Every structure is written in C-alpha cells, then in structure tokens.
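To start, the structure itself, in structure tokens.
The values are calculated or read from the model by the stated rules, or taken from the named source; none is laboratory data. Everything numeric here is computed off the predicted structure, so don't read it as measured data. Positions of Cβ are backbone-derived with ideal geometry, glycine not excepted, and every protein chain shown enters the neighbour counts. Note: accessible area is taken over every heavy atom of the protein model, side chains too, but ligands, DNA and RNA are not part of it. Shrake-Rupley method; radii C 1.70, N 1.55, O 1.52, S 1.80 Å.
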Amino acid sequence: MEEQKEQKRINPFFEPYGTPHDTVPFDRIRLEDYEEAFMEGIRRDNEQIDRTINNPAKPTFDNTIIDKDDKTEGYYDLLDRVSTVFFNLLSAETNDEMDALAQKMQPILTQHANDVRLNERLFERIKYVHRHHRKLTPEEKQLLDNCYDGFVRSGALLDAEGKERLRRLTEEASMLSLQFSQNLLKENKAYTLHITDEAQLSGLPQTAIDAAAAEASQRGLEGWVFTLDFPSYSPFMTYSTQRELRRQMYMARNTEGIHDNENNNLEVCKRLINLRREIAQLLGFKTYADYVLKNRMAGNVKSVYRLLNDLIDAYRPTAVKEQQQLGRMAQRMEGRQFKMQPWDTGFYSHKLKLQKYNIDAEMLRPYFQLDKVIGGVFGLANRLYGITFKENKDIPVYHPDVKAYEVFDRDGSYLAVFYADFHPRKGKQGGAWMTEYQGQYIKPLPTSPKEGVNVRPHVSVVMNLTKPTDGKPALLTLGEVETFLHEFGHSLHGMFANTRFESLSGTNVWWDFVELPSQFMENYAVEKEFLRTFAFHYETGEPLPDELIDRIVKSRNFMAASGCLRQVSFGLLDMAYYTKKDEFTDDIIAFEKKAWQRAIIGEQRTDTCMTTQFSHIMAGGYAAGYYSYKWAEVLDADAFAVFKRHGIFSQTTAQRFRDEILSKGGTENPMTLYKRFRGGEPTIDALLKRNGIKRQTKKA
C-alpha cells in the first residue's frame, strides 16, 4: 500500500500547492524534489523560448516581452518557484545534503541563465521590440528597457568568442560565490568557547549565562557554551571581565576565512575580485564599479567617493574625540600604561555609556520581550498604514521557529503572507535579511487580458535574535529591536507592492534605494510614543519608565561618529576592490588595511581580516554597492524629517510614503519617486542633525 502511495506521489513543485494563499508546502517537499524540479523547470524554459523565437509573427511587446500563457513576463514559473525555495532555505535552513546539491546545480543553473541571455535569436526579437513598439505605459516601457539592458549587460552584444569567455567567467564566479558562503558558514559554526569554570563568567549578565547554559545542554556538554552568533558573541564582548577570553572570541570571529584549512577564503576573494573586473571589462567598462554604478542612483564612482569623503570630513573630528574619551576611560580603570585593543572596545564603550547616561542593553532587555516587540512592530504598521497581522498555523513553515501571518489591508482585504524567522541555529547564516517566496504581480485573466488578478506577495524576514531559555522568554536588546524594524521595513516594501510586473515589484529597485524603507523604520526605535506601545516588563507588566526612555533618547548618538566611520570604512574597502583596472595580485589583508585607512582611527591589527567574511560584497548583491547603506541613510533621515514635521504617526504622510515609494517598486527612477514624496532632492543636513554632527568649517 505504501509503495502504491509512493508511486502516485507527485513532486509538490509540479502542481498547485493547495495551501492557504498557495504558500510553499514546506512540509511536503523532499530533498530529491529540488533537482527534479530544477531540471523540469529548465526544460520548460527552453520550450517556452523555442516557442517565442519560432513565432512567425512580427516581434511585439506582447508576444516577446510578455508571456501571456505564464506569469505575464518571462519564462520563469516552475524554475522560479523551485529556485526561490531552494536558495532561500540554503541560507536559512541548510545541511550537508543541501550544500552538496547546491554545488551540483549551481553550474547547471548558471549555464542555463547564460543560454537564455546569450540566445541570439531571442535577443534579436527583444532588440526589434526595443526599437519598434506600440505606445507603452511608463511601467511597460521600464520593463522593456530593463529587459533590453539586462541582455546587453549579460553579453548579448558580444561576438562569439566574447560570449564564450563570458560564460566561463560567470560560471566560475557563481560557483565561487557559493563556495565563499559555505566556507563562511562552516567557519562560523565550527568555533565555540566552552567554559566550565564559573569564575570565568564574571561580568556577564544572567541572560547571557542562561543562554550559554542552554547552548551547552543542547550540545550535551557541562557548563556554558558561547558561539560566534551575534546574540551570544555581542553580550560576551560587552560584559565579560575576562580580557583573554574576549581576545579569543574576537580573534575567532575576525579571522574567519584566513585559517590554513579547507574553509580559507583568501584566494576565493582574490579570484572573485578579478572575475568581476574581467566581466566588466569584457562588457566595455573600465572597472566593475563602473559596470555596477551605471544602474544606481549614485551613477558613477566619483559620486560614491564624494559621499564617503563628505561623511569622513563631517564625522571624523567627532569620532576622534569619541575614541580619545574611550581611551581615557579605560586608562582610568586600568592604569596609564593600558593599551586598548579591538576586543576591549565593546567592554569599555559599555562602561562609558553607563557612566554618561546610566543605561545599557541589559537594563532594557526585560522590557523587550519578543512577543511584545512583535505586537509593537505590527501595531506601528497598523497605526501608520491601517494593516493588521493574524498568525495562521495552517500555513506550512520550514522550521518550528518560523511564524506565518496573514496580512490584511485597511479595508480588510488580504494583502500578503508574512513569515518571521527569529533565532540562530546550526544551518542558518548569520545576520538578518528579508526575502520573498512569491513576488507581487498582476496575472491577466484568459477571458479578459486587460483585466487581471492581483497576486499578492509572500515575504519573509530572517534574523538571529536572542533565543528564549528555560523559564525565560526571548528578551531582546534595543539593537535587536532596531534589526527587527529594519527588516520589517524591507518587508513592507514587499507587502505594499502594487505593480503589474513581478520583476518591477517590491524591493526590485536600484540597490542604493532599497535600504530607504528599512532604515526609515529604524527611526522609530528611539521614539517615546512608539516605545510606550509595547515596552512592558515581562514579569511585572510595568511600562518602560519615562526616565529610561529619556536616557535612550539622550544616548542615541553615543559613539555615532565612530559607527559612521566604521560603515564608511567598509564602503571604502568595497570600492577599492572594485575600482581596480588591473589584475588584483595584492595580499588581501595588507590591501584591506590600506584601503580603509582614511576612515580608521588608531592602529590596525595585521592578523585579522574583514574581507574573507564580508558576504555583502563577495557573495551578496553589494559588490561595488556597500556605500548604499550610507546613501540610503541620507534618504531615510531626510524622509523621516517629513514625518517629524507632520507627526511621526501621521497617516496622511504615511499614505503618501506608501503610494509614492513603497508600492511603486522599480517602475520609475527612484529619485523621481523620492522627489514626488519629499518635494525635492535629499541633502545630508537631516542626517547630520539626527546624529548631532556640526559641519566643519574649512579655513581658507
């Protein structure tokens, strides 16, 4: 009987999911389903492309750019479905078998993508439509331009020899990006600090001790285990009085990828930098940064450096004072001969903040119970936009930590599905991100092509927040609340999407615009009116005292200049790699230290490395784009100033923000969208004001 059931079983990717809102049936998917669906998806893609290029009719926007028999655009239904699930889980819930399958499928998928983009007959049709088309709506024109430009930027104009070389380069780069991520995850999860002597826990808050005890118990060990996951690492570096153990933790985290083992990323990084340079130059650009910035708000390398240098000029004097003050604090505590090291920064910063403002993360933790924070964040969205969230346990999830919600608009209509994955675990990458399992688009009705069904998105935020322990719920730091707000801002960008084409919806915008909605939401973390809606003591139910809120507000700019320069240093490093015109042969560690020197205060260590763990620019989408965080920070401070003027909960202002920015996706130039909301271009002034920075007057 079981054998008969097995024979009748259909790969869940091959049929309608039959789940609430057609959500992914994680509970029915097996490892072997992925490869079968990948290969069938490729076959269907090829079949669709053959139909398109063999269509005897003259190429038009409708019979070439839009596929009316599929999702309204492209050839991506099955392949998109399986790729989305597989690669999202590869980051959020992987294992050795998934990693091995990724290694097997990545070259096949890259080859297929190249086959599509380098298909000469298909490009000829697209090129014809690009030159001769009916009157198009602005969104249709944007899709056509993106399609044509995408093919050109993927090598469609190259000769046969150039196309073949591009294939080799992109396939190698794709595999190396995957290898970088897998190496980093293995390095991160391989290290633990196992403590059995209770005296070595001195200084640590009880929440960190309890979490370490739970981690040890989970591993079948006595004592306490600390890991490099942020909820474990950060409290240890902030509170532990054991300087040698802080050193061990710091060095473990900051040498990931440079050890003499199979996870070493030094040569991987060097090769990725060169591959991207070669790809850009093959396509007619001087550097990879020139290639990337052609489709960015910044526009060119000069504009990026202007931003980074302006920030250095504005923030460095204050950052120097901050670091001097920190050093004096350490010497008062430890003696004049004491020399600060990087593993001391968090510890003494905490002491200084406590002295200046009488506040630290542990004071606030009891008031930031995760369930209450969730309610606060959802409540904020309701107050601004009128949307509501309702957990639906019938929606399948890929891990018990994940919660799935239905989202309803102000009028009660269904808006989206929202997944939230909160805590670190073995098969999960570090950090936090937002992704989608289904994008929004309009699906035409077969009986009435001019009308359609608005297919709503399924968005997900993935984080690594503090876990609950025996007897205690998950209690967050204020920084973790900000992380939640950041990723939630991305999710709103996805949930409010209201465009015709999926490739233009939600977060499918230029990379230096995508962080605006996320960083905008972080502003609320230190707003008294927002904190009063959810910050209640998890045991007593008492609200977060006004006195503590006032201290939060007063301390918001503590070490802000140093934090800004840290971000700028990463942007400088990124640009240094990707503005190389010649082959990169330098020593990675030495190059890194020189590249960001202008934003560094004090001596640098030569035995640590950021590059080998810098996923954003090596394996993510931020290569030649890390400056985007600071670019978008200028935008978010400028945008929030509008809310401050009209009221931070102004529904009228929020509706304009939704209508002009959040719902529009990539249908227009982002500066056009921003100016429509703001009434003009942004300036750096609002950011400087928020951070309490005064412009330095240059002497003649």
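Annotations
- Taking the accessible area of the chain, probe 1.4 Å, and keeping the other protein chains in place, the carbon and sulfur fraction comes to 48%.
- Enclosed volume per residue, in Å³, of the convex hull spanned by Cα atoms of the range 560-621: 97 Å³
- Modelled spin-label separation between THR606 and TYR357, with each label point placed 7 Å from Cα along the Cα-to-Cβ direction: 3.8 nm.
- Distance (nanometres) between label positions extended 7 Å along Cα→Cβ at THR196 and ASP470: 2.0 nm
- Rotationally averaged projected area of the range 286-428 (alpha carbon convex hull; nm²): 15.9 nm²
- Multiplying each eigenvalue of the alpha-carbon gyration tensor of the range 472-553 by 5 and taking the square root yields semi-axes of 32, 13, 10 Å, largest first, rounded to whole angstroms.
- C-alpha long axis of helix 370-385 to longest principal axis of the chain, angle in °: 60 degrees
- When each of LYS353/LYS528; LYS390/LYS675; LYS135/LYS302; LYS127/LYS294; LYS443/LYS630; LYS189/LYS644 is checked by Cα-Cα distance, pairs over 31 Å: LYS390/LYS675; LYS135/LYS302; LYS443/LYS630; LYS189/LYS644
- Antiparallel content of DSSP bridges confined to the chain, in %, to 5: 85 percent
- Aspartates and glutamates whose Cα lies under 20 Å from that of LYS339, excluding same-chain neighbours fewer than 8 positions away: GLU244, GLU322, GLU603, ASP607
- Pairwise alpha-carbon distances in the chain exceed 42 Å for 27% of all pairs.
- Stokes-Einstein D in µm²/s, Kirkwood radius over Cα pairs - the range 358-421 at 20 °C with 1.002 mPa s viscosity: 161 µm²/s
- The alpha-carbon of LYS270 sits under 15 angstrom from the alpha-carbons of these aspartates and glutamates, leaving out residues fewer than 8 places away in its chain: GLU172, GLU278, ASP574, ASP582, GLU583, ASP586, ASP587, GLU592.
- Long-range tail of P(r) for the range 37-185 (Cα pairs > 24 Å, %): 40 percent
- Cα-based equivalent ellipsoid, the range 501-541: semi-axes from gyration tensor eigenvalues, Å: 34, 12, 7
- Each principal axis of the Cα cloud of the range 101-235 was evaluated for its coordinate range; sorted largest first, these ranges are 76, 36, 20 Å.
- Applying a DSSP loop filter and a limit of 11 other Cβ atoms within 10 Å to the trypsin sites (Lys or Arg not before Pro) in the range 469-566 leaves nothing.
- When both the range 362-437 and the range 526-596 are represented by their alpha-carbon centers, they are found 23 Å apart.
- Normalised by residue count, the range 452-507 yields a Cα convex hull volume of 89 Å³ per residue.
- Simple Cβ-charge dipole of the range 139-230, Lys/Arg +1 and Asp/Glu -1, about Cα centre, in debye nearest 20: 300 debye
- Helix 96-117 vs. the chain, principal-axis angle (Cα, 0 to 90°, nearest 10): 50 degrees
- Linear extension gain, LYS186 paired with ARG28, 0.36 nm per residue minus alpha-carbon span: 54.1 nm
- Percent of alpha-carbon pairs separated by more than 15 Å within the range 530-579: 65 percent
- Residues of the range 86-119 with amide N under 18 Å of the 7 Å Cα→Cβ point at ASN46: 105-119
- Think of a 1.4 Å ball rolled over the protein heavy atoms: the chain then has 44 Å² of accessible area per residue.
- Legend: residue pairs LYS580/LYS664; LYS104/LYS186; LYS393/LYS472, Cα-Cα distance threshold 27 Å; pairs beyond threshold, LYS580/LYS664.
- Alpha carbon Rg of the range 529-669, scaled by the compact-globule rule 2.2 N^0.38 Å: 1.44
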